[in-house]
2 protein chains.
Amino acid sequence: MPLDDLDLKLLKLLKENARTPYSKLAKELGISESAVRKRISRLIKSGIIKKITIEYELINEIKAIILVKTQPPVPVPEVSKNILKIPGVEIVYELTGEYDILVIVRASGIEMINKFIDEIRSIPGVTSTYTMVVLRTWI
Amino acid sequence: MPLDDLDLKLLKLLKENARTPYSKLAKELGISESAVRKRISRLIKSGIIKKITIEYELINEIKAIILVKTQPPVPVPEVSKNILKIPGVEIVYELTGEYDILVIVRASGIEMINKFIDEIRSIPGVTSTYTMVVLRTWI
DNA sequence: CTTGAAATCCGGTCGGA
DNA sequence: TCCGACCGGATTTCAAG
């Protein structure tokens, strides 16, 4: 699907604040409110906008990043799907390089991170993991 | 700030779809619309909700993850702030472990990723980087 | 939590490229 | 045919009580 300059601007504005009223977005872009609405629904239908969401951080919560190595013949997407099923997993990236998968998890404490690691290591195809705890997030 | 069970449920619902009307959220939680609105603004003011945003993916765009090592005496947050200034950087995590910082960037091509790496390496305190290209994202 | 007014949302329709 | 502007009625938002 071809995106024009207005679509890109719209995505930037929504990235910054996804709850901006359509009318305000319309004013910023110089088009009508209905046009904004139609563009957004087109972007969602075509899969370009994957989610309208919030970034949040709880005081008593830890974020961790787990790098995962996998082994043939299990396909990497198979492993990814299984990881995604684990509650607390926020996002899964498949990668080039030494590691095949990167997982971001949200945990209530170190014990829960350990549970994540154990669960991930028990998935068929996973050969090893490397975990880093997030100390601070900059958005 | 103490969060009750409703706050946590609210955060989950907003994570799933941040554009859900307050009235619908209210119905789901069994409280009034104004209560939902007040809770949300409290969550935003207290810094728990950091951003209302969209996840999107363009066809001709590449996401990459850059792991960064730094060196004393430059404080890590100093480096993070400098990285965050680079246009195209989505998020910066400070980490425990072998690497001090993880950066997620959005680029129009390999050349742009190279530019990111060069820029990051030129920041005082950065000693080395390791880059992985994202092949697929699971949310 | 309720109320009422203002703003926003949303489907339908029309006209031009 | 596709896109954007316009027009209502329904819904939601928001501040005051």
Going 7 Å from Cα along the Cα-Cβ axis for the label, what nanometre distances separate residue B:8 from the same residue across the other copies? 4.3
If you place +1 on the Cβ of every Lys and Arg, -1 on the Cβ of every Asp and Glu, and leave all else neutral, what size is the dipole of chain B about its Cα centre, to the nearest 20 Debye? 620 debye
Compute the angle between helix A:33-45 and the longest alpha-carbon principal axis of chain A, please, reported from 0 to 90 degrees and rounded to the nearest 10. 30 degrees
Listed pairs A:51/B:81; A:15/B:85; B:50/B:81; A:69/B:51 exceeding 20 Å between Cα atoms: A:51/B:81; A:69/B:51
Computed over chain B: longest principal axis from alpha-carbon atoms vs helix B:110-121 long axis, angle to nearest 10 degrees, is 80 degrees
Taking every residue in A:41-53, how many Cβ atoms of other protein chains lie within 10 Å of its Cβ, on average? 4
Nearest-20 debye value, the stretch B:62-133 charge dipole, Cβ charges on Lys, Arg, Asp, Glu: 140 debye
Shielding by partners for B:14-21, please: the mean number of other protein chain Cβ atoms within 10 Å of each residue's Cβ. 5
Other protein chain Cβ atoms within 10 Å, averaged over every residue that makes up B:101-114: 1
Can you give the net charge of the other residues whose Cβ lies under 9 Å from the Cβ of residue A:134, counting K and R as +1 and D and E as -1? +1
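Every number in this text was worked out from the coordinates using simple rules, so none of it is lab data. From a predicted model like this one, the values you see are computed outputs, not experimental measurements. Here Cβ is always computed from backbone atoms with ideal geometry, including for glycine, and neighbour counts include all displayed protein chains.
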